[in-house]
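Where a number appears in this text, it was derived from the coordinates with a stated rule and is not lab data. Because the structure is predicted, anything quoted here is derived from the model rather than measured. When we count neighbours, we look across all protein chains shown, and the Cβ atoms used for this are built from the backbone with ideal geometry, even at glycine.
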Amino acid sequence: MKDDMLLDAVGGIDSRFVEAAAKPGKKRFPRRLAASLAACAVLLVGLTAVWPKLRPAAPQPAPVPNPNGTVERGEEPEVYPFPHVLRPGGEGYTAPEPIPTLNPAPAGISIPAIELPEPGAQADMLGLIVYRGGIYTQAGRYEGEAAERIEALLGDYLGYAAGRIDEWSTQEEYAVEFASSVPGDVYAVKGYDTDFRICIRQEFTYGNGAPGLFVCFYERLNGITLTAGKDLYEERLHVRGHVAAIQWQAHEDWDWNRGNYREAPVSQEDWDAFLDALDAGGFIDAWAPDGSFYEGRPGSTIYDTPNQAHLFLDMDDGTRIELRLIEGGYVRYRILGGGRYFVGMPGEAFDAVFDACGGTHETDW
């Protein structure tokens, strides 16, 4: 038992004596203390000679602690109570129940790196830039007034993309920094990591001769591992606390490119609950080439249902994020993984936003 634990168990002992006893070497009484003890011995002998009938007083019983906190004197107990500590492996020990977690850690998914296409594979259909060994694919596109607002986000100049990649490009042409399918000056984007997002700025002329501005984001969402929704929506897109407005579009309007955007009647409480569930939810791979996504519907994919909604988040920095919601608790960032990766977050938090933003619940499809 350590000295401080021993003091706590016994009580009433000055720690200086324990410290002195713990020091190595022969113990010697200080001269001053030896002299005092000798004087006391002489005094006691003298008192015995002068007053031989003097007897020491009877010893007082030690205090006994009571449950109510008071101290009374009584008979000396046979055994002083001492706390019984149960330790792992000892008799009578029971391991405590684990603390439950509201959202167990999801397993995560690994999104493979994009492989450069073989010559003749119509690579010009995919907007891309090669930067620091990674392939960034086309994401948000801003033109005119929207591009002028986004221009304030342009950070450090990174280089120039010649835009010479096409369906006939060779592997050697791809393996060059800033190889791209679109020409323009390449910049970092303020507030975002260049490992995730960069952009191209272009100036052009409209048919009527008026000057125009075009800014396009390119994002790297391949060759990475995503564990929970927060890995994308917070660490990369910084959604929480930066949404200025939410609009929604019915799935039929989205399917036919009709527009008809509407303000989303989502309360702050419902939106916060939605983000909590989204950040904690795990990613799933919804690709089912050899099976069916929906039970009882052979060969079905996750997109076969009409029960979908489309959200557009206008961020306070002028950017826009598009989310696709599918009945059952599936949320997809439009740019991610060719449409196969979703966050699974079934529950009331998803349903509240889905229903408020035009989500349907048809059963006869």
Sum of side-chain charges, SER110 neighbourhood, beta-carbon under 14 Å (Lys, Arg +1; Asp, Glu -1)
-1
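Quick one, what does Rg over Rh come out to for region 194-264 if you take C-alpha atoms and the Kirkwood Rh?
Looking at region 194-264, the ratio lands at 1.08.
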Can you run phi through the Karplus equation (6.51, -1.76, 1.60; θ = phi - 60°) for region 328-344 and list ³J(HN,Hα) in whole Hz, with x for Gly and Pro?
x, x, 10, 10, 10, 7, 4, 7, 7, x, x, x, 9, 10, 10, 8, x
Please work out whether region 110-219 counts as rounded, prolate or oblate from its C-alpha gyration tensor, where a ≥ b ≥ c are the square roots of the eigenvalues and a/c under 1.5 means rounded, while otherwise a/b larger than b/c means prolate and anything else oblate?
oblate
Once amide H atoms are placed 1.01 Å from N in the peptide plane, what residues at a sequence separation of 5 or more from TYR160, or on another chain, have their amide H within under 5 Å of its amide H?
VAL186
In whole Å, what is the distance between the alpha-carbon centres of region 239-260 and region 194-215?
24
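Once you list every other residue whose beta carbon is under 9 Å from the beta carbon of THR137, what net charge do they have if Lys and Arg are +1 and Asp and Glu are -1?
Here the charged neighbours net out to 0.
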Starting from the amide H of ARG240, placed 1.01 Å from N in the peptide plane, find each other amide H under 5 Å away whose residue is 5 or more places distant or on another chain.
none
Per residue and in cubic angstrom, what volume does the convex hull of the Cα atoms of region 185-310 have?
204
Loop-resident sites, region 260-365, for GluC sites (Glu not before Pro), counting at most 13 other Cβ within 10 Å (DSSP):
GLU295, GLU362
Long-range amide H contacts for ALA228: which residues qualify at under 5 Å (H placed 1.01 Å from N, peptide plane, sequence gap of 5 or more or a different chain)?
none
extent check for region 252-365: Cα max minus min per principal axis, descending, whole Å, gives 42, 33, 25
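Around ALA250, what is the net charge, scoring Lys/Arg as +1 and Asp/Glu as -1 over all other residues with Cβ under 14 Å from its Cβ?
Around ALA250, the surrounding residues sum to -4.
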